[in-house]
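The values are calculated or read from the model by the stated rules, or taken from the named source; none is laboratory data. All values reported here derive from a predicted model rather than from experimental measurement. Neighbour counts are summed over all protein chains in view; Cβ atoms, including those assigned to glycine, are modelled from backbone coordinates with ideal geometry. To get the accessible areas, we keep the full protein, side chains included, count just its heavy atoms, and leave off ligands, DNA and RNA. Shrake-Rupley method; radii C 1.70, N 1.55, O 1.52, S 1.80 Å.
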Amino acid sequence: MHHFRHVGQNLHCENVDLAEIARLYGTPTYVYSTATMADNYTRLAGGLRGLDLQICYAMKANSSLAILRHFANLGAGFDLVSGGEIRRVLAAGGDIKRSVFAGVGKTEAEIELALKHGVFAFHVESEPEIARINHIAGKLGVKAPIAIRLNPDVDAHTHAKITTGKSDNKFGIPLAHAAAAYETAARFPHIQIKGAQMHIGSQLTSLAPFVEAVKKVAPFVQELKAKYGITYWSIGGGVGIVYKDALASGDPAWWSAQPPETRPLTPEAYGEALTPLLAPLGLKILLEPGRYLVGNAGVLLSRVEFLKRGKGKNFLIVDAAMNDLVRPAMYDSFHEIVPLRRDSGRPALTADIVGPVCESGDCFAKDRTLQEVGEGEFLAFMSAGAYGFTMASRYNTRSLAAEVLVKGAASDLINARESFEQQIQNEQLPRFLTK
Ligand code: LLP
């Protein structure tokens, strides 16, 4: 469920007309709904009620300061993956003490920063990393809390580039070697064994892999509790969202109309299946959702530049490009594309929807059918709140898009469009090239 819907002919985010945002701030512009994020957070927490739950928002999905503040206000901690993310949480007034630090390549400086701010735990991915954390903690005269990331070797049945729980990718320590890794950790004087962690992949649309992974790992987690007194288990993120029927899925009626066998994963179903497996462990349970919290809470607004009619093919050329939203080019992912002004009287148009970047991969959709739209009209790329702006680049010397946050009838710019001057501000011409 989300808060994007047409009111009359015009697509709104909560009570704000998106065309007004597009006119006010220009395009491409990301727009996010605070109510959708809050609903998603509350539903997920509600689905797992009864557990001692801590939600650590995986901020790699969307790390704008205003979004971090919104989640901090809702009570979230954060799943961090870099020193930059730690600094963002601090800048947004979030709590590092409720946040976990993940990632396979933490640097010494990043570990030190996390320790100084009292990170809840490091999610470690290898034995050399434990040694490094021990060394830095020793230098600072503290004990570093850790959990080892366990790789359960479960197939998440998602895109190959975002599956992480199989033994053939770089993440975590295989279950078979995990006992030895914990024993190693226990021998370090500046390491405090605090928990266990796993994450099997992203954009999972069925329950089965989550259930399989929890069932597979739970006995080992129980052993860890007995042996080391661990106090928490993080079961990662990964709950998927609706991309194909994104707009329709804002309406509760759409959900009730879906046959149960094909109904997308809901936080209620997720909670119902996992709570009985997790509750008997008597541990604090951490979740690290990213996409689920923000994905359907954001859209990317774009303007139509040209409709280029070809022989067998039309191209709708828009002002957003793969640098703004890379997911279609990178993962062949589907984003629903919706005209901001709905007009059922117009003929249908089938076209490839492309950006202006000089690459044939700069294509958002092939042979997509929508109502005919022309130059100057606006489109919304739905479900763009997660891994949209955070994966943007400046390719083709295009500036990073603007970001706007909506709450009810209020909207505000949370990130101004980057200027050309900002783009080149760190560049300089070396002396040996001067004439
Ligand atoms: N925890 C860990 C350890 C992770 O590696 C990730 C995501 C998450 C939590 C959050 O997963 P989520 O709840 O968002 O599925 N750029 C890709 C997704 C990459 C996900 C990386 N790890 C995309 O656009 O689909």
Next on the checklist: Need the full-extension length gain, Ala279 to Lys244, defined as separation in residues times 0.36 nm minus the C-alpha distance. One decimal, nm.
Outcome noted: 9.2 nm
Item to check | Residue-count net charge about Glu372 - beta-carbon cut-off 13 Å; Lys, Arg +1, Asp, Glu -1 | outcome: +2
Checklist outcome for this item: Averaged per residue, the 1.4 Å probe accessible area of the chain, protein heavy atoms only, in Å², is roughly 43
Item to check | Segments 301-313, 29-41, 348-360, 423-435 sorted - mean Cβ within 10 Å per residue, highest first | outcome: 29-41, 348-360, 301-313, 423-435
Checklist entry - Going 7 Å from the Cα of Trp254 toward and past its Cβ, which residues in the stretch 327-345 have a backbone nitrogen under 17 Å from where you end up? => result 334-343
Checklist entry - What does the stretch 34-290 give for Rg and for Dmax, in Å, if only its C-alpha atoms count? => result 18.0, 59
Checklist entry - With Cβ to Cβ distances under 15 Å as the rule, what net charge do the other residues near Tyr41 carry (K, R +1; D, E -1)? => result +2
Checklist outcome for this item: Using the Kirkwood formula on alpha carbons, the hydrodynamic radius of the stretch 200-290 in angstrom works out to 14.6
Item to check | Spread of Cα-to-Cα distances over 10 Å intervals beginning at zero, given as percent, for the stretch 344-413 | outcome: 14, 40, 34, 13
Item to check | Distribution of pairwise C-alpha distances over the stretch 389-435, 5 Å bins, in % | outcome: 5, 16, 18, 18, 13, 12, 8, 5, 3, 2, 2, 0
Checklist outcome for this item: Cα extents of the stretch 296-423 along the principal axes, largest first, in whole Å, come to 41, 36, 26
Item to check | Computed label-point distance, nm, for sites Leu65 and Glu212 using a 7 Å Cα→Cβ extension | outcome: 4.4
Item to check | Cα-based Rg of the stretch 162-251 normalised by 2.2 N^0.38 Å, two decimals | outcome: 1.35
Checklist outcome for this item: Quick shape summary for the chain, equivalent ellipsoid via Cα gyration tensor, semi-axes whole Å in descending order, reads 40, 26, 19
Item to check | Estimated FRET transfer efficiency (Ala416, Tyr331; beta-carbon r; R0 30 Å; 0.05) | outcome: 0.55
Checklist entry - Ordered by residue, what ³J(HN,Hα) values in Hz, to whole numbers, does the stretch 189-197 give under the Karplus form 6.51 cos²θ - 1.76 cosθ + 1.60, where θ = phi - 60° and Gly and Pro are x? => result x, 10, 10, 10, 6, 10, x, 9, 9
Checklist outcome for this item: Net charge near Cys13 (other residues with Cβ under 14 Å of its Cβ; Lys, Arg +1; Asp, Glu -1) is -4
Next on the checklist: If I compute solvent accessible area with a 1.4 Å probe over the protein chains, what percent of it on the stretch 219-333 is carbon and sulfur?
Outcome noted: 57
Checklist entry - Pick from Ala176, Ala246, Ala147: which residue has the top mean-square fluctuation in a GNM of the chain where Cα pairs under 10 Å get a spring? => result Ala176
Checklist entry - Can you list the lysines whose alpha carbon is less than 16 Å from that of Lys170, not counting same-chain residues fewer than 8 positions off? => result Lys106, Lys161
